[in-house]
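In what follows, a structure is listed as structure tokens, so that the remarks can point back to it.
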Amino acid sequence: MSLSLQTVALILTCALSCNVAFSQSADEQLKSLPQWNDALNAHRDGLAEITILKLREIEKLPSLAPQAQSRIRNLLIESLVRAERFDEALLGVQGDELPFWTALAYAALGRLTDAQPLLTQCMMNLQHPAREEAILTLASVLKKLDGIDRAGELLAEAISVPGNESLSPRPRLVLIELHLEQDRKSTRLNSS
């Protein structure tokens, strides 16, 4: 009888400790891992390869909540793109997550038609944190696919959209550069 009570007590203790581990928020779980803090520091310092190494150390931990695993994977994919390991980054993407970083990987691999709809998705989302970068990258993609005119049209439209007053001067400067490049091109054609 006492053996079965000890067994029940042991099972309850294990169950409670497992529930505590899973009831921790993703933030609490990640903050308790020194490798996560090291990865964040490396990421802030622009050290993508070190970030990748630290994230690889913790990504396979079985006790992590799904939200924590997702945050690790997201930072890993971003770091892989920053480290120019594009194929590896694309292998890690699940579904339609991380459209901006997925688009950058596609664009870097020359798969511009795959990158274009993802960049458009980011550009249309007024709250997307990389919205301006998506606009500039999409303009670059369109320049390669459809030429200077189409890239210029995109930038002119993006700049004039209500709510885009917060864009930095960069899109306007790129638009000016496109106009100058177009003028040089037409001058060369006219002088030939």
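The values are calculated or read from the model by the stated rules, or taken from the named source; none is laboratory data. Keep in mind the model is a prediction, meaning the values are calculated, not measured. Here Cβ is always computed from backbone atoms with ideal geometry, including for glycine, and neighbour counts include all displayed protein chains. With ligands, DNA and RNA removed, areas are computed over all heavy atoms of the protein, side chains included. Shrake-Rupley method; radii C 1.70, N 1.55, O 1.52, S 1.80 Å.
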Please compute, for the alpha-carbon atoms of the stretch 22-123, the extent along each of the three principal axes and give them in descending order in Å. 41, 27, 22
With point charges of +1 on the Cβ of Lys and Arg and -1 on the Cβ of Asp and Glu, referenced to the Cα centre of the chain, which listed residue (Q127, Y106, Q29) lies farthest in the positive direction of the dipole? Y106
Carbon plus sulfur, as percent of the 1.4 Å-probe accessible area of the stretch 57-160, comes to 50
Where does each of 100-108, 119-127 land if you order them by average Cβ count within 10 Å, highest first? 100-108, 119-127
Restricting to lysines 8 or more places apart or on different chains, can you count the pairs in the chain with Cα atoms under 29 Å from each other? 4
At 222 nm, what value in deg cm²/dmol follows for the chain if DSSP H runs of at least 4 each add -39500 (n - 2.57) and the sum is divided by all its residues, to the nearest 500? -24500 deg cm²/dmol
Please compute the Cα-Cα pair-distance distribution of the stretch 117-165 with 5 Å bins starting at 0, giving whole percents from short to long. 5, 24, 32, 26, 10, 3
Amide H partners (placed H, <5 Å) of E59, local residues excluded: none
Peptides 63-75, 84-96: what's the order by average Cβ count within 10 Å, highest mean first? 63-75, 84-96
Whole-Hz Karplus ³J(HN,Hα) for the stretch 175-183, in order, using 6.51 cos²θ - 1.76 cosθ + 1.60 and θ = phi - 60°, x for Gly and Pro? 4, 4, 4, 5, 5, 5, 5, 5, 5
Quick one: Karplus J couplings for the stretch 159-167, per residue in order, coefficients 6.51, -1.76, 1.60, θ = phi - 60°, nearest Hz, x for Gly and Pro? 5, 8, 5, x, x, 9, 5, 7, 5
Note, the stretch 33-45: 3J(HN,Hα) by Karplus (6.51, -1.76, 1.60, θ = phi - 60°), whole Hz, Gly/Pro = x, goes 9, x, 5, 5, 5, 5, 5, 5, 5, 5, 4, 4, 7
Volume per residue (Å³) of the convex hull spanned by the alpha carbons of the stretch 60-166 is 102
